[in-house]
Amino acid sequence: MHPTKYLASATVAALAALAASAVPIAPAGATGVPATVTFSGTVTTAMGVNNGTNVATIPAGTAYTGSFSYDPAQVGTTTSFGGGTRTVYSFTSLAFTIGGSTATSGPGTIDVFDNLTTNVGYPSGDSVYVNFTQGTTNTMGVSPTGLLAGAAFNWMGLAFLDAGGTAITNGQLPSSFGTAAFPVQFAEFNFGTAGTPFGAGNTSMIQSMSTGGTPPPAPLAFAPALAAGTVGVPYASTFAPATGGLGPYSYSAAGLPAGLTLSGTTVSGTPSVGGMFPVTLTATDSAGVAVSVQVVLGIGAHAHFGVPCEGSGTIDKVGPHDSYLLVGGHKVTWTAATEITVTTPAGVQHVIDGAVVPGMAISYEGLTTRSGAGVHAGQLTIG
């Protein structure tokens, strides 16, 4: 692909964002011995096809196969280019089969760019571009045959890119076009009436590709929601799992109200306090990518309880079987979710039993009963 043509199709930044892919290769011969590169996979984004007469779309996920045969013999001199070098080789044929449509081109030339450091229309690093020779059929070389989604087009190309600049040494064609050598691959097409010079009402496009038949993963997405709860009532709410990214996923939560915990995608427990709680839920995929979402969890007062309250005093009475405490005329009750701290001569305990007797000092926080004559405690401190 010629630099000016390449710039008309996409920016260097756009190329850097193209999907990574692997390209199986048939055994390459020694210099001067023809070899064939084969590749297959799926297109990563929908391909719009429009040559002014035929308009169609090749959907994302459509399978493709292809190959190009080349002769490693050098056919052009090595010249300085973009801070590095440019060497020209030849290829015999280039073919793509995408969604049942097959297009071919060739013969043509291969531009090998070694260690580019200057933006001259190609990305920095090393790259191999399967191009067209200049010819009389159109200004970019021999016109391809076949149709893509029913549309004729002017030229086609294939490129392998390595921004790290390690794939090519001394301008020589590499022995492998696999992922380790070239982490980025793309195909480029120019749609227009066959034989029309480039730029004369044509539309260029670059199509990133992935191999193995599986498109690259979608970005990690996470949109959880939590149901409302009630103080003192067992609670469980399961939010929608993350999607995209690289599974499996792990989840964490910050800001849960007292009494609730997170396990997997389920928040459960018995809330002991009411209010509106901003809770941050985070999903992390196996690649370490994380997405955090803040949701508001509403915990309402129990139907039998009223407004928040707190108080202190002296225990007047312990109810039968430790069922309640009477403090200054208020009946104090609790549940298993209540935070209880009892200081006794034998030490600190967290249950109310025979060690709790009338006359002990007490403080509490909780909710009043609807009648106002009682307190449901979320926290009790005795002794």
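The values are calculated or read from the model by the stated rules, or taken from the named source; none is laboratory data. Only a predicted model underlies this, so the values are computations on that prediction, with no experimental measurement involved. Cβ atoms come from the backbone with ideal geometry, glycine included; neighbour counts cover every protein chain shown.
Yes/no matrix, rows are residues, columns are (1) buried (at least 23 other Cβ atoms within 10 Å of the Cβ); (2) modelled with pLDDT of 70 or more; (3) of a type in the set (D, E, K, R):
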position: F153; (1), (2), (3): yes, no, no
position: L158; (1), (2), (3): yes, yes, no
position: G165; (1), (2), (3): no, yes, no
position: I168; (1), (2), (3): yes, yes, no
position: P174; (1), (2), (3): no, yes, no
position: G178; (1), (2), (3): no, no, no
position: F182; (1), (2), (3): yes, yes, no
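Within the range 86-97, can one find any residue that is within 29 Å of G164 (Cβ to Cβ), in contact with a Lys or Arg (Cβ under 6 Å, 6 or more places away or on another chain), at pLDDT 75 or above and not β-branched (V, I, T)? No: zero hits. Scanning the range 218-240 for residues that are in a loop (DSSP other than H, G, I, E, B) and either over 25 Å from the mean Cα position of the chain (by Cα) or aliphatic (A, V, I, L, M) (or both) gives A218, L220, A223, A225, L226, A227, A228, V231, G232, V233, P234, A240.
For F132, are the conditions met, namely being modelled with pLDDT under 65, outside any strand (DSSP E or B) and among the hydrophobic types (A, V, I, L, M, F, W, C)? Before the answer, list the steps.
Numbers: modelled with pLDDT under 65: yes; outside any strand (DSSP E or B): yes; among the hydrophobic types (A, V, I, L, M, F, W, C): yes.
Against the criterion (modelled with pLDDT under 65, outside any strand (DSSP E or B) and among the hydrophobic types (A, V, I, L, M, F, W, C)), F132 qualifies.
Quick one: is D322 closer than 30 Å to V351 by Cβ, of a type in the set (D, E, K, R) and free of Cβ contacts under 8 Å to residues at least 40 places away in the same chain? It would help to see each step written out before you state the result.
On the way: closer than 30 Å to V351 by Cβ: yes; of a type in the set (D, E, K, R): yes; free of Cβ contacts under 8 Å to residues at least 40 places away in the same chain: yes.
Against the criterion (closer than 30 Å to V351 by Cβ, of a type in the set (D, E, K, R) and free of Cβ contacts under 8 Å to residues at least 40 places away in the same chain), D322 qualifies.
Scanning the range 115-128 for residues that are surrounded by 21 or more Cβ atoms within 10 Å (Cβ to Cβ), under 15 Å from G171 (Cβ atoms) and at pLDDT 80 or above returns L116, G125, D126, S127, V128. The one condition from (1) in contact (Cβ under 8 Å) with a residue 24 or more places away in the chain; (2) hydrophobic (A, V, I, L, M, F, W, C); (3) crowded, with 17+ Cβ neighbours inside 10 Å that V289 does not meet is (3).
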